[in-house]
Amino acid sequence: MESPLVSIIVITYNSSQTIIDTLNSIKGQSYSNIELIISDDASTDDTISLCKEWIKNNSSRFIQYYINVNSTNLGVTKNCNAGCTLAHGHWIKLIAGDDALLSNAITEFMAFSQKFPQAEIIHSRILIYKNNFNDSSLLDTNITYPIYFTDNKPQNAILQHQYLCLQNTIAAGSVIIKKALYEQVKGFDERIGNCEDWPMWLKITNQGHSFYFMDSPTFKYRLTTTSIYGKETINYLFKRFYNTENKIYKLHIKPYSPPIYKFMNRYNFYLRLCLDQIGLNKNRIYAKIIYSILNIPYIFFYKQILKTTF
């Protein structure tokens, strides 16, 4: 099997409590041809000193390494671009400084890319943990995708884009992408400072590039009440990223989506927004019932596009 250079880019911000777990998971990869890049967004804790000490003891494991430290806090999207710009690999793999890779992740991705040489972007299954990576903290991660996200046919980009106009279920940490594709779509959209992945997936599929799916987990996602995602998700019935969702809709969905998808996107968006504003977003049985009833049109439409699954 060919062994192209893979750039693993660790995105950090005040990650001192978790960064060593992340770095050790990269060191422990069964794949050898790895470039390590750490891009830190002006952390105020000792993340950088921990990274430098760890690199001093483990730098020989990697083909090369870089530590980028932003002078000011740029936000996650600009920080991702800062790290990707430094990458020399044929493939680039981003991971947050509180997550971890499974030991065979890169080996499996590269074997998959040999089987599907036309693949430019690949996603996989994930394992989601609450607070730590103990077995007892593993949550249910059975995400169901439409068949056009799993059958690995190159002509699926249009259908994938339409699905992504409704929601994003592709975790950034599950994805590996060719550096050439990243450059072709001009990187992550820095107009959306706190969400890098969903706009990127919309751009890629809108330009005709299909996701390929590897049916095995490659990374561990840590869901905590202190993370950006976790504090707006844990204990809530639905996510609370209304301003970000609205911006993504205006920039990447409204101009390119069929009318029915735009309508359903807005229906679900304003329903959640209204329920949240009147205190019906708590994970309670009465709130679930009200939301389920009012959301029947969206659920019906969503199930139609999920009718054929693998």
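The values are calculated or read from the model by the stated rules, or taken from the named source; none is laboratory data. No experiment lies behind these values; they were computed from the predicted model shown. Backbone-built Cβ (ideal geometry, glycine too); neighbour counts: all protein chains shown. For the accessible areas, the whole protein counts, side chains as well, though only heavy atoms, and no ligand, DNA or RNA atoms are used. Shrake-Rupley method; radii C 1.70, N 1.55, O 1.52, S 1.80 Å.
Contact annotation: residue pairs with Cβ atoms under 8 Å, 6 or more positions apart or on different chains, pairing a residue in the range 56-75 that is among the hydroxyl-bearing types (Ser, Thr, Tyr) with a partner that is open to solvent by 50 Å² or more (accessible area, probe 1.4 Å) and assigned to a strand (DSSP E or B), are Ser59/Tyr65. When Met110 is tested against (1) modelled with pLDDT of 95 or more; (2) open to solvent by 40 Å² or more (accessible area, probe 1.4 Å); (3) in contact with a Ser or Thr (Cβ under 8 Å, 6 or more places away or on another chain), only condition (2) is not met. The requirement of being farther than 18 Å from Leu94 by Cα, over 23 Å from the mean Cα position of the chain (by Cα) and not aromatic (Phe, Trp, Tyr) is fulfilled nowhere in the range 26-42; no residue meets it.
Among the residues making up the range 35-54, those that are in contact with a strand residue (DSSP E or B) (Cβ under 6 Å, 6 or more places away or on another chain) and either without any contact (Cβ under 8 Å) to a residue 12 or more places away in the chain or open to solvent by less than 20 Å² (accessible area, probe 1.4 Å) (or both) are Glu35, Leu36, Ile37, Ile38, Ser39, Asp40, Thr47, Cys51.
The single residue among Ile170, Ile176 that is buried (at least 17 other Cβ atoms within 10 Å of the Cβ), in contact with a Lys or Arg (Cβ under 8 Å, 6 or more places away or on another chain) and either of a type outside the set (S, T, N, Q) or not in a strand (DSSP E or B) (or both) turns out to be Ile176.
Looking only at the range 254-310, filter to residues that are over 28 Å from Gly208 (Cβ atoms) and in contact with a strand residue (DSSP E or B) (Cβ under 9 Å, 6 or more places away or on another chain); which one of those is most open to solvent (accessible area, probe 1.4 Å)? Among those residues, the one meeting the criterion is Lys282. Residues in the range 48-102 that are hydroxyl-bearing (Ser, Thr, Tyr) and assigned to a loop (DSSP other than H, G, I, E, B) were compared, and the one that is nearest to Arg191 (Cα to Cα) is Thr72. If you go through the range 146-167 and keep only what is out of contact with any His (no Cβ under 9 Å at 6 or more places or on another chain) and in a loop (DSSP other than H, G, I, E, B), you end up with Thr150, Asp151, Asn152, Lys153, Leu166, Gln167. Within the range 186-193, does at least one residue satisfy the condition of being over 24 Å from Met110 (Cβ atoms), at pLDDT 95 or above and of a type in the set (Val, Ile, Thr)? Within the range 186-193 (the criterion being over 24 Å from Met110 (Cβ atoms), at pLDDT 95 or above and of a type in the set (Val, Ile, Thr)), the answer is yes, since at least one residue qualifies.
Set side by side, the residues Asn156, Asn152 differ, and just one is buried (at least 16 other Cβ atoms within 10 Å of the Cβ), touching a helix residue (DSSP H, G or I) at 6+ places or on another chain (Cβ under 6 Å) and either farther than 19 Å from Pro117 by Cα or modelled with pLDDT of 90 or more (or both), which is Asn156. Determine, yes or no, whether Ile204 is loosely packed, with under 13 Cβ neighbours inside 10 Å and aliphatic (A, V, I, L, M). The answer is no for Ile204. With touching an Asp or Glu at 6+ places or on another chain (Cβ under 6 Å) and among the basic types (Lys, Arg) as the only criterion, which of Lys52, Lys78 stands out? Being touching an Asp or Glu at 6+ places or on another chain (Cβ under 6 Å) and among the basic types (Lys, Arg) holds for just one of Lys52, Lys78, which is Lys78. Filtered by the rule that a residue be open to solvent by 50 Å² or more (accessible area, probe 1.4 Å) and under 18 Å from the mean Cα position of the chain (by Cα), the range 132-142 gives Leu139, Asp140, Asn142.
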